[in-house]
Amino acid sequence: MNTEIKQDPVIYSKYLEQELRSDHAGETGAVYIYKGIIAVAILRKDQELINFAQHHGATETEHLKLIESVFEKKYRSHLLGPWRLAGWLTGAIPALFGRKAVYATIDAVETFVEKHYQQQIDYLKQQGSHERLLELLLRCQADEIAHKNEARLKASNSLPAILRLWCALVGGGSAGAVLLARQI
Ligand SMILES: [Fe+2]
Ligand SMILES: [Fe+2]
């Protein structure tokens, strides 16, 4: 079933086109992060983690639909398959190590996403254009901040070194993915 919300196509500057391509890729990856978490949490019979991931995953699906409603298919990343896989692994790998690892990972991802959206929000406010897009980004960012805060509360304060390293990798990987998704 095609659930895309149909809107008149909007013309974006090259900069916004690239940013939206990375947003679309990122929200695609986010949906798959939670699919990866759920797959492992089911195996581990961890109902708390399943509930957490289902709740967050539903919001990410909403974000993806929102971005799709303002960003035409022909401009989207050609690497959506790899973004899905990368997302899935970003969720599934920490889930193998338990809830705390997942919460720390989500904290790292959302900390990155919050800043990523902030740059675009600043740009749009400065330009005074694309009001609808600005509203959409503010709404998504508010959700990401809520996700980050919830995950941070649930994660332990003192993360083991290996988990800190993993989170740094996830942050760096997200930045690399954005650079790539802007282009292709
Ligand atoms: Fe999102
Ligand atoms: Fe999120």
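Some notes on this structure:
- Test set (1) loosely packed, with under 14 Cβ neighbours inside 10 Å; (2) among the aliphatic types (A, V, I, L, M); (3) assigned to a loop (DSSP other than H, G, I, E, B) - residue 165 fails condition number: (3)
- Filter pass, residue 86 being within 16 Å of ligand 2 (Cβ to nearest atom), crowded, with 18+ Cβ neighbours inside 10 Å and part of a helix (DSSP H, G or I): yes
- Single condition residue 54 does not satisfy, out of (1) surrounded by 15 or more Cβ atoms within 10 Å (Cβ to Cβ); (2) within 16 Å of ligand 1 (Cβ to nearest atom); (3) free of Cβ contacts under 8 Å to residues at least 60 places away in the same chain: (1)
- Among the candidates 19, 48, 27, residue that is more than 16 Å from ligand 2 (Cβ to nearest atom) and closer than 24 Å to residue 176 by Cβ: 19
- Filtered residues of segment 1-60 (kept if within 19 Å of residue 99 (Cα to Cα), among the basic types (Lys, Arg) and either modelled with pLDDT under 95 or out of contact with any helix residue (DSSP H, G or I) (no Cβ under 8 Å at 6 or more places or on another chain) (or both)): 45
- Filtered residues of segment 72-85 (kept if in contact with a Leu (Cβ under 9 Å, 6 or more places away or on another chain) and aliphatic (A, V, I, L, M)): 79
- Test: residue in segment 109-129 that is within 10 Å of ligand 2 (Cβ to nearest atom), within 19 Å of residue 61 (Cβ to Cβ) and touching a Phe, Trp or Tyr at 6+ places or on another chain (Cβ under 8 Å): no
- Take the conditions (1) assigned to a helix (DSSP H, G or I); (2) under 15 Å from the mean Cα position of the chain (by Cα); residue 77 misses just one of them, which is (1).
The values are calculated or read from the model by the stated rules, or taken from the named source; none is laboratory data. In this text the structure is predicted, and so the values were computed from the model without any measurement. Don't worry about glycine lacking a Cβ; one is built from the backbone with ideal geometry, like all the others, and counts go over all protein chains shown.
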